[in-house]
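Visitor: Once you've had a glance at the structure underneath, I'll fire off some questions.
The values are calculated or read from the model by the stated rules, or taken from the named source; none is laboratory data. Just so it is clear, the structure is predicted and the values come from calculations on it, not from any experiment. Please note: Cβ atoms are built from the backbone with ideal geometry, for glycine as well, and neighbour counts cover all protein chains shown. These accessible areas exclude ligands, DNA and RNA; they are computed on the full protein's heavy atoms, side chains included. Shrake-Rupley method; radii C 1.70, N 1.55, O 1.52, S 1.80 Å.
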Amino acid sequence: MFKKRNMMKRKFILGFAIVLLSLPLVTLADEGMWLPMLLQKREADMKQKGMKISAKDIYDVNNSSLKDAVMLFGSGCTGEFVSNEGLLLTNHHCGYSFIVRHSTIERDYLTNGFWAMSKEEELPCPGLTITQLVYMEDVTQKVLEGISNSTSEKEREKIIEKNIKDISKKATENTNYEAVVKAFYYGNQYFLYVNEVYTDVRLVGAPPSNIGKFGGDTDNWMWPRHTGDFSIFRVYADKNNKPAKYSKDNVPFKPKKSLNISLKGVEEGDFTFVFGYPGTTKQFLTSFAVDRVTNFEDPARIKLRDARLKIYNAAMNESSAQRLRYAAGVAGIANGWKKWIGEVKGINRLNAVDRKREFEREFNIWANVTEQRKEEYGGLIDNFKSLYNEGADLEMAYLYLGEALLASDLMKNGRSVLSIIQKAKQDTLSKDEVQKEADIVLENLLKYFSKDYEKHKMVDRSIFVELMNIYYDDFAKNNYPWMQEKINSNYDNDARKYFGSVYDKSFLSNPKQAEKYLKRFKMSKVLSDPAMEILSAIWGSVVDEDMNKLVEIDSKIDSLYRLYVKGIMEMQSSKEFYPDANLTLRVAYGNIKPYNPRDGVNYQAYTTLKGIMEKENPEIYDYVVVKKLKELYVKKDYGRYANSKGEMPVAFIASNHTTGGNSGSPVMDANGNLVGINFDRNWEGTMSDIIYDPDQCRNISLDIRYCLFIIDKFAGAKNIIDELNIVE
């Protein structure tokens with residue numbers, strides 16, 4: 001008995017010691033995306049880092065505060081009000097699709113820039129929304145009301161869905177507000193967000209792409225950076241300052257708060273904070289998930305997007321018309337491609353998978369110290385392993401479906417046709433309704449064919465053949481024997497020949513054939529099309545057959561994470577955890593910091609206009625320098641925007657923890673003045689969505705002085721400068 005007690009005691013001491021080792025003495029100040037409502041908990045640390053304002057100055061539900069100047073721009077960026085007439089700043093790449101939409105060969109605003117010299121010249125942007133937070137509230141108890149430990153996962157989901165619906169309805173009754181309830185810590189906490197959404201938004205200004213996108217995909221995610229990544233919009237409202245649909249009678253919106261702009265700039269070591277809408281981080285992922293991302297998912301995505309980019313980039317180099325056609329789409333493809341390359345490098349450099357495994361071993365020891373913990377948390381890690389293994393092939397099937405099968409416009413258009421077939425099979429549409437939907441698809445197809453289709457057809461054919469060939473080699477060959485048999489028997493074992501023939505014979509690549517197939521819609525005839533044959537077969541096996549399996553696995557994994565995160569927070573009870581990003585308003589803070597990416601290389605914390613001239617290469621589109629910008633540089637005509645050394649600053653880096661969605665976020669100094677616009681992370685830090693490295697992770701921001709210099713000295717848009725509250 002005595003021996004048994006001693007063994008139990010040693011086991012407890014060992015577990016407790018490991019837990020102590022796993023606890024950081026303090027939360028890393030540079031890591032974290034903090035809820036503004038709870039910022040008082042971070043105020044002491046922020047002030048120690050150099051902040052001079054209070055947490056209430058940043059977020060105050062009862063009084064005007066900085067949160068009233070920050071908004072969700074569109075569905076995935078951030079913007080900030082900089083005048084009392086609804087003028088806002090965001091990134092050039094956030095406004096990119098709207099700049100492209102207004103551009104033509106004759107009026108190429110993307111290439112040449114656009115500046116409204118009066119409000120009458122501002123351009124409406126249908127579809128663009130500005131979402132502004134009114135208030136947020138912890139509604140965890142209300143959301144989980146009616147749930148007990150014995151509630152099944154399915155019943156839990158139903159109860160939560162009903163409770164959220166009731167909470168949102170009550171919060172918006174008799175108002176023009178919209179509400180959303182978001183889960184935090186995998187469903188251990190819930191917050192209600194009540195918002196106002198504005199839909200009359202107009203383009204005011206954008207620099208030429210050789211400024212706004214200088215460095216292009218070559219410099220994307222990189223430091224040093226010299227990109228003038230900003231664009232300007234204005235929000236309009238009705239005469240009562242409330243959201244309204246576009247109307248000539250609407251007036252500039254008057255925000256409760258607009259930001260002061262500082263010309264003082266920042267120096268190394270200065271405190272800064274980023275206020276915005278970060279999209280997604282996954283700090284609690286298990287080793288099994290990180291291993292999958294690093295060794296399977298990211299490499300596959302990189303490979304498939306690399307193939308697409310080579311084809312698109314070759315086409316874009318042929319003419320300005322081709323560049324305009326593909327610019328917005330290619331920017332999105334390239335952004336993810338390069339980010340994933342950096343992410344894999346960063347995860348491997350930090351040995352993140354092994355570090356996660358070590359933490360899971362510690363968690364298992366902690367979980368088995370007491371019977372109560374063992375009952376609640378014992379076996380969690382093994383269950384994760386089992387479920388991730390079970391879902392691995394299904395996840396890859398979905399990845400290849402999105403990145404390869406649907407990479408071409410041919411197959412995207414085919415997906416619209418397949419949707420009609422699926423509805424017809426399910427008897428959800430009458431014969432007349434089927435034909436009506438087919439007519440709509442045909443109308444859209446004919447519009448698509450009318451846009452210089454013959455040139456685009458060769459590009460799209462190359463995309464289809466190349467991506468389907470990779471898809472076949474990596475995935476389809478072993479899963480669809482009928483396809484392999486066709487290729488071997490009829491195409492001399494040459495998959496490219498087969499897919500080229502499929503493209504050429506498909507009605508989806510021919511306007512006359514499209515009319516023939518869709519004007520009198522017959523399911524059997526449409527399904528006999530070679531492209532539709534491939535699409536329907538793969539869609540049927542991957543989506544229709546495997547969807548329920550994957551949904552069930554993902555649901556089980558989510559429920560495990562809810563328990564796992566609860567356990568981690570118990571195990572590390574002295575640590576203050578920030579919730580993963582989920583496109584809700586957050587504050588990240590840190591300091592202006594240089595970094596050392598590799599042996600013998602030291603990057604300083606800011607760049608200047610001189611660097612643009614050093615990068616200039618007229619033969620490479622990404623490094624073409626606009627003539628007027630060169631003239632201003634030669635004359636050193638920087639006006640009041642130069643720094644104390646007489647340089648024209650362009651960008652700077654700091655240790656603020658950011659991610660996608662933070663694009664366009666205001667970067668503010670210790671006094672809450674606007675000093676920059678966040679637009680990127682450094683390549684060495686792109687793994688920060690999963691694991692954060694304070695030595696390497698940096699956010700990249702446009703220096704607000706370069707933004708003002710371009711508006712004032714380059715564009716001559718004095719009307720815009722006059723609206724701003726500039727602090728000398």
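Visitor: For the range 64-144, what is the charge dipole size about the Cα centre, in debye to the nearest 20, if Lys and Arg each add +1 at the Cβ and Asp and Glu each add -1 at the Cβ?
Guide: Roughly 220 debye, rounded to the nearest 20.
Visitor: Sort out the exposed loop trypsin sites (Lys or Arg not before Pro) in the chain (DSSP loop, at most 13 other Cβ within 10 Å) and tell me the longest stretch that has none.
Guide: 249-450
Visitor: Among the complete DSSP H segments of the chain, which ones combine at least 20 Å of alpha-carbon extent along their axis with a mean Kyte-Doolittle hydropathy of -0.5 or more?
Guide: The qualifying helices are 2-22, 298-316, 320-349, 380-400, 409-425, 431-450, 453-471, 547-571.
Visitor: Which whole-number value in Å² is the accessible area per residue of the range 394-487, probe 1.4 Å?
Guide: Solvent-accessible surface per residue comes out at 47 Å².
Visitor: Okay, moving on. Excluding ligands, DNA and RNA, what is the solvent-accessible area per residue of the range 170-322 at a probe of 1.4 Å, expressed in Å²?
Guide: Heavy-atom accessible area per residue stands at 38 Å².
Visitor: What value does the chain have for Rg/Rh, both radii from Cα atoms and Rh as Kirkwood defines it?
Guide: Checking Rg against Rh, the ratio lands at 0.98.
Visitor: Which pairs break 20 Å Cα to Cα here: Lys213/Lys257; Lys158/Lys282; Lys431/Lys505; Lys264/Lys593; Lys339/Lys556?
Guide: With Cα atoms farther than 20 Å apart: Lys213/Lys257; Lys158/Lys282; Lys431/Lys505; Lys339/Lys556.
Visitor: With +1 on the Cβ of every Lys and Arg and -1 on the Cβ of every Asp and Glu, and nothing else charged, how large is the dipole of the chain about its Cα centre, in debye rounded to the nearest 20?
Guide: In total the dipole reaches around 320 debye.
Visitor: Which ³J(HN,Hα) values in Hz, rounded to whole numbers, follow from the phi angles of the range 692-703 under the Karplus curve 6.51 cos²θ - 1.76 cosθ + 1.60, where θ = phi - 60° and Gly and Pro get x?
Guide: 9, 10, x, 6, 10, 6, 9, 8, 10, 10, 6, 5
Visitor: What distance in nm separates the two pseudo spin-label positions at Asp494 and Lys52, each 7 Å out from Cα along the beta-carbon direction?
Guide: Each label point is offset 7 Å from its Cα along the Cβ direction, giving 7.3 nm.
Visitor: So for the pair Ser574, Arg415, with labels modelled 7 Å out along Cα→Cβ, what separation do we get in nm?
Guide: Going from the Ser574 label point to the Arg415 one covers 5.0 nm.
Visitor: Length gain on complete extension for the stretch Glu267 to Lys718, per 0.36 nm per residue less the alpha carbon to alpha carbon distance?
Guide: Here the answer is 159.6 nm.
Visitor: On to the next question. Would you work out which of Ala424, Gly146, Tyr589 lies farthest towards the positive end of the dipole of the chain, given +1 charges on the beta-carbon of Lys and Arg and -1 on that of Asp and Glu, about the Cα centre?
Guide: Of Ala424, Gly146, Tyr589, it is Gly146.
Visitor: Subtracting the Cα-Cα distance from 0.36 nm times the residue separation, let me have the gained length for Asn389 to Glu515 in nm, one decimal.
Guide: Length gained between Asn389 and Glu515: 40.8 nm.
Visitor: Got a number for carbon plus sulfur as a percent of the range 200-298's accessible area, 1.4 Å probe?
Guide: About 47 percent, which is the carbon plus sulfur part of the accessible surface.
Visitor: Using alpha carbon centroids, what distance separates the range 336-408 and the range 597-652, in Å?
Guide: 42 Å
Visitor: Could you check the simple spin-label distance between Val134 and Asp695, using points 7 Å along Cα→Cβ, in nm with one decimal?
Guide: 4.9 nm
Visitor: Further, regarding this structure: What accessible area per residue comes out for the range 524-659, rounded to a whole number of Å², with a 1.4 Å probe?
Guide: 44 Å²
Visitor: Express the carbon and sulfur contribution to the solvent-accessible surface of the range 144-189 as a percent, rounded to the nearest whole number, probe 1.4 angstrom.
Guide: 46 percent
Visitor: Can you compute the FRET efficiency between Met458 and Asp554 using 1/(1 + (r/R0)^6), with r the Cβ-Cβ distance and R0 = 35 Å? Round to the nearest 0.05.
Guide: 0.35
Visitor: State the extension gain, in nm to one decimal, for the chain segment bounded by Leu123 and Asn671, taking 0.36 nm per residue of separation less the distance between their alpha-carbons.
Guide: 193.9 nm
Visitor: For each cysteine in the chain, check whether another cysteine's C-beta sits under 4.7 Å from its C-beta; list those where none does.
Guide: Cys125, Cys697, Cys707
Visitor: Still on this structure: Taking R0 as 35 Å, what's the FRET efficiency between Asn725 and Glu619 from their Cβ-Cβ distance, rounded to 0.05?
Guide: Efficiency at R0 = 35 Å is approximately 0.25.
Visitor: First compute the accessible area of the range 472-545 with a 1.4 Å probe, then give the percent of it belonging to carbon and sulfur atoms.
Guide: Carbon with sulfur: 43 percent of the solvent-accessible area.
Visitor: Using a Förster distance of 56 Å, how high is the FRET efficiency between Lys254 and Ser541, based on the Cβ-Cβ distance and rounded to 0.05?
Guide: Step by step, r from the Cβ atoms, then E = 0.50.
Visitor: Continuing with this model, one more query. Quick check: Cα centre of the range 302-331 to Cα centre of the range 157-208, how many Å?
Guide: Answer, in whole Å: 36.
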